[in-house]
Amino acid sequence: METRQWSIVTGGNRGLGFEVARSLVARGRPIIIAVRDEAAGDRAAAELRAVAGARVEVLRLDASSGDSIAAFAAEVGARFPGQIDLLVNNAGIFIDSFDAPSHAATVATNTDGPVDVTLALLPHLARGARVVMVASALGQLGALSPDYADPIRAAVTLDEVKAAARRFDPGSPLLKINPLTPSYSVSKAALIRAAQILAEAPGFAAKGITVVAVCPGWCRTDMSKAAEEKTGAQAPHTAQQGAASILAAALETGSIPNSSFSHDGALLDWTAKPALSVTGEG
Ligand SMILES: NC(=O)c1ccc[n+]([C@@H]2O[C@H](COP(=O)([O-])OP(=O)(O)OC[C@H]3O[C@@H](n4cnc5c(N)ncnc54)[C@H](OP(=O)(O)O)[C@@H]3O)[C@@H](O)[C@H]2O)c1
């Protein structure tokens, strides 16, 4: 019988998102890649459709724009109503500076984006669907100073967690303990807390939807290049290995429970320090 269930991968045109999309296609799952550049999306889709039997759609999404998220959700609702059983919120950015505009852009894309995409798609998710937030070990609370870690940890609503991440303090001790990825770490810590809040939210529980966060590990993609240049270290994992870690969180529903944070199929303690220093992704 033909499946009517679709998976959505945001930022599916390159990097880890493309590899996640490729693995899902190889497993025979119909996929939608959500991309901000449709030409790049079409090129990626052409490559993905080379797999025999592949079903690949491209939809436009700028995950940092409320208008774009609303238009995207409306299109999903019109074309794939109730048919989304996996949402991988993968789109993300890393900006190598700590200033107000960079911080705002980082949080808008890495925290607000995945949260708002998830909320907008809730009516169109199938019962028992899975939502995966692609976070990072750099979002473990041990990578943050208490002035950022404590309010993010204490947040009980999505508005609170977004506000805690959005606050920009150029004099924060954060910069001292985490000189390389301060805003990125804040944005991903807040994303992990947001995943926990969504996982317990009544609208999600009522449809049996699970929400988890995952760290793909430090992988060789366009994003890792800045950190590689700065640290002189090479990211240890391929993009395929990072995608496998994301897929473990997406598909190993028995061992990766609702509300969890994991890497490569093993649970991680969000409150701990990253295994590697904040000079490189763990
Ligand atoms: N690579 C690592 O070592 C590593 C480690 C931990 C976590 N992660 C996380 O894994 C995810 C993927 O990272 P990556 O390494 O694959 O990065 P990447 O190669 O830089 O790819 C990022 C993807 O996100 C898309 N994107 C960025 N902003 C967007 C927006 N506003 N709306 C829609 N799409 C947007 C990009 O689209 P365009 O092509 O249009 O720019 C691209 O498809 C990110 O969330 C990242 O934080 C990566």
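All alpha carbon pair distances within the chain were sorted into 10 Å bins beginning at 0; the resulting P(r) in whole percents reads 7, 32, 38, 19, 4, 0. Helix 182-200: angle to the longest alpha-carbon principal axis of the chain, degrees 0 to 90, nearest 10? Around 50 degrees separate the two axes. In summary, the aspartates and glutamates within cross-link reach of residue 162, defined as a Cα separation below 16 angstrom excluding same-chain residues under 8 places away, comprise 112, 116, 147, 150.
Counting only residues at least eight positions apart within a chain, or on another chain, the lysines with an alpha carbon under 28 Å from that of residue 230 are 176, 188, 273. Using 0.36 nm per residue and subtracting the Cα-Cα separation, the extra length available between residue 167 and residue 37 on full extension is 43.9 nm.
You can think of it this way: the chain between residue 205 and residue 105 has 32.9 nm of extra reach, that is 0.36 nm per residue less the Cα-Cα gap. Of 149, 233, 195, which has the largest mean-square fluctuation in a 10 Å C-alpha GNM of the chain? Its mean-square fluctuation being the largest, the pick is 233. With 0.36 nm allotted per residue and the present C-alpha distance subtracted, the residue 70-residue 97 stretch has 6.7 nm of extension available. Annotation: per residue accessible area for the chain equals 40 Å², rounded to a whole number [probe 1.4 Å, protein chains only].
Taking a straight Cα-Cα cut-off under 14 Å and skipping sequence neighbours fewer than 8 places away in the same chain, the aspartates and glutamates within cross-link reach of residue 225 are 96, 281. Atom-type composition of the exposed protein surface of the stretch 6-267 places 53 percent of the accessible area on carbon and sulfur (1.4 angstrom probe). Share of antiparallel DSSP beta bridges in the chain, in percent to the nearest 5? Antiparallel bridges: around 5 percent, rounded to the nearest 5.
With coordinates expressed along the principal axes, the C-alpha atoms belonging to the stretch 1-130 extend over 53, 30, 23 Å, beginning with the largest.
Stokes-Einstein diffusion for the stretch 201-282 at 25 °C, viscosity 0.890 mPa s, with a Kirkwood radius from C-alpha pairs, works out to 176 µm²/s.
The values are calculated or read from the model by the stated rules, or taken from the named source; none is laboratory data. What you see is a predicted model; the values in this text were computed from it and never measured. Surface accessibility is based on the protein's heavy atoms, side chains included, excluding ligands, DNA and RNA. Shrake-Rupley method; radii C 1.70, N 1.55, O 1.52, S 1.80 Å.
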